[in-house]
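Report on one structure; see the data block that follows.
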């Protein structure tokens, strides 16, 4: 019999029941809750007079709507204020642990979960947010769900699922210096397309992934959904185990040893069979930038923008033409021709301490170019912010002309006041470059934190490796 | 949820691939704490010429006359036909809420994003996967004849065209059952409460650290 994949093992460890109709009940270990996708779920519980199945499995924090400026004055936007208040009220009413807006542990849920050790290896983790895939980075089965399923998990601690197929994406050999986890995942999406992973759980492996920290692996898994896969994951290794030691909700003492022993079983067997295998050569990946309105519309920084006339698929070619029109760019240009009006360093993809360090390394001793209207740094959580301040990163950013903000989702999806103006281009470390995502008429270019900082100080998109060579 | 009955509806063609949930319902409208009322903001950025605001009356806003949903011939539509990877992006269930609130009962495309696909079934919106060739034919049919309608028959798993063709489609039996009967799947899962409890005991014995951690809140500030 063939061996098992990491996904097979996680699935089997949480299988409550296989039903005659081909579906299965899967037990959910951890449920993360934020203000946007939960109010209707709590309302559903109230209407049906149902209680949460377990309280101690849930953890909540507001992140999508919160302002990143001074919060002592509360939330100015009345609609956002009501939604954040609804989360506070629901958590208080049902007795769910919540880090409220002014709690120093508040932040982007996908940063806060692992940071607190609330999301752990070997767990099933869900949240009403597609970027829940982030948590797969440490050998967990994690994916986004809709609001009906938020209510379903609250009420039953289970989800009705069909097993996905297994895909292995292997990066052979390490990447060069100045090439980050973000460049790896953008290169993967450029290769497989935004629907390439639909129906699959993706395991990322190979030397380049093994060499990444847990934070880097989170960046990669975070964007599995941009490749169409609900769940992305990486096997547990020493790096994973070390990351969780001592975290607030991580097990302690004997329980820690027992947990580590269990976690170490979460890897794919050598003889495991995958339904699809994709390979990339690490040495061939260089810093990436998205040019269009879909995360698969990505080029390497030195590449000319592609010509739709040479695209054989007519539907894809039409998508490219629309994207050029929306982005006000032309085939044959390079990203070096584009001026970023704004720069955003943050989001569940890239707002952890290593991301901020990597951006600060470029910002240090340089100035944000005069052509850039605004450069924002939004830490992923209050604790990331505190750590960065202890390391003096805030001073480096402020000195260079960046704004140093409070934690939240911010300009990734512009539900708060941080947004692009109509027609503005943005060098953004977020995950989606859809039309209007960062503001009405806004034009997003997805990059790594180092590339975003390099664009900020250069006034155009540049190869960060050239700046690193001068550091 | 209401029972999903056989119906016939005018088809609206949205000739694009990779239609994402940010387009279906832009983020500023996600601040609502209700499940209803999203219809006027469905495809807001394509449908109107100005920037939409939450809780705004949309009746006086300037329309993009070229957009499919604003064209006279598609008024009263309840079936959408679109290209591959429909509903990609965010997990927001507001996307199917906006589509159903507008009046859609089915979306036909060569493929759907997983989370959107799943969310649709829970809200009385039937996503129907048909091959690219058949979707192409449907586009031609819609563009060629004003008032082009399709009959969607979930019980028999067919889409019937005006020229008498019956196109079969696949649907997961559990989801079909829930839609046809208008069932609440939380109720179905709770019927397995004993199995869940039994699993929970076994799981807690094997992985005790998964349990009792969140309520024992330690404070690292």
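No value in this document is a laboratory result; all are computed from the given coordinates. As the structure is a prediction and not an experimental result, all values here were calculated from the model. Please note: Cβ atoms are built from the backbone with ideal geometry, for glycine as well, and neighbour counts cover all protein chains shown.
Here are a few things to note about the model shown:
- Distances between every pair of Cα atoms in the range A:108-160, grouped in 5 Å steps from 0 to the bin holding the largest one, split as 5, 22, 31, 24, 15, 2 percent.
- Estimated from the Cβ-Cβ distance and a Förster radius of 30 angstrom, the FRET efficiency linking residue B:140 and residue B:49 is about 0.55.
- Relative contact order for the range B:119-163, counting Cα pairs under 8 Å that sit 6 or more residues apart, in percent: 19 percent
- Residues B:149, B:8, B:91, A:294 in ascending order of nearby Cβ atoms (within 10 Å, fewest first): B:8, B:149, A:294, B:91.
- Residue B:8-residue A:312 pseudo-label distance in nm [points 7 Å out on the Cα-to-Cβ vector]: 4.2 nm
- Computed over the range B:1-155: relative contact order in percent, which uses C-alpha pairs under 8 Å that are six or more apart: 33 percent
- Space enclosed by the convex hull of the alpha-carbon atoms of the range A:230-297, per residue, Å³: 195 Å³
- Values of log10 I(q)/I(0) for the range A:169-272 across q = 0.12, 0.14, 0.18, 0.21 Å⁻¹ run -0.45, -0.60, -0.91, -1.11, by the Debye formula with one identical scatterer at each alpha carbon and no solvent.
- Shape category assigned to the range A:309-416 from the gyration tensor of Cα positions, a/c cut at 1.5: prolate
- Inter-label distance, residue A:18 to residue B:151: 3.9 nm, where each label sits 7 Å from its Cα along the C-beta direction.
- Alpha-carbon geometry of the protein assembly as shown: the Rg and the Dmax are 23.9, 72 Å, given in that order.
- For A:429, A:37, B:77, order by how many other beta-carbon atoms lie within 10 Å, fewest first: B:77, A:37, A:429
- Degrees separating the helix B:132-144 axis from the principal Cα axis of chain B, which is the longest one: 40 degrees
- Label-point gap, in nm, between residue B:190 and residue A:162 - each point 7 angstrom along Cα→Cβ: 2.7 nm
- The mean number of partner chain beta-carbon atoms within 10 angstrom of a residue's beta-carbon across peptide B:191-203 is 4.
- Stokes-Einstein diffusion coefficient of the range B:99-221, Kirkwood radius over Cα pairs, 25 °C, 0.890 mPa s, in µm²/s: 135 µm²/s
- Relative contact order (percent, whole number), the range A:32-105, Cα cutoff 8 Å, 6+ residue spacing: 42 percent
- Taken residue by residue and averaged, Cβ atoms of other chains lying within 10 Å of the Cβ of A:327-334 number 0.
- One decimal place: the segment residue B:65-residue B:197 gains 41.9 nm when fully extended, by the rule 0.36 nm per residue minus the C-alpha distance.
- Per-pair calculated FRET efficiency, R0 = 22 Å: residue A:76 and residue A:395 via Cβ, rounded to 0.05: 0.20
- Ordering A:135, A:31 from the fewest to the most neighbouring beta carbons within 10 Å gives A:31, A:135.
- Span from the the range A:22-82 Cα centroid across to the the range A:319-391 one, whole angstrom: 29 Å
- Of interest is the spacing of the C-alpha centroids, which for the range A:136-151 and the range A:222-241 amounts to 12 Å.
- Our summary of shape: the Cα atoms of the range B:1-147 have principal axis extents of 39, 31, 28 Å, ordered from largest down, in whole angstrom.
- Potential extension, residue A:403-residue A:69 segment - 0.36 nm per residue separation minus Cα distance: 119.3 nm
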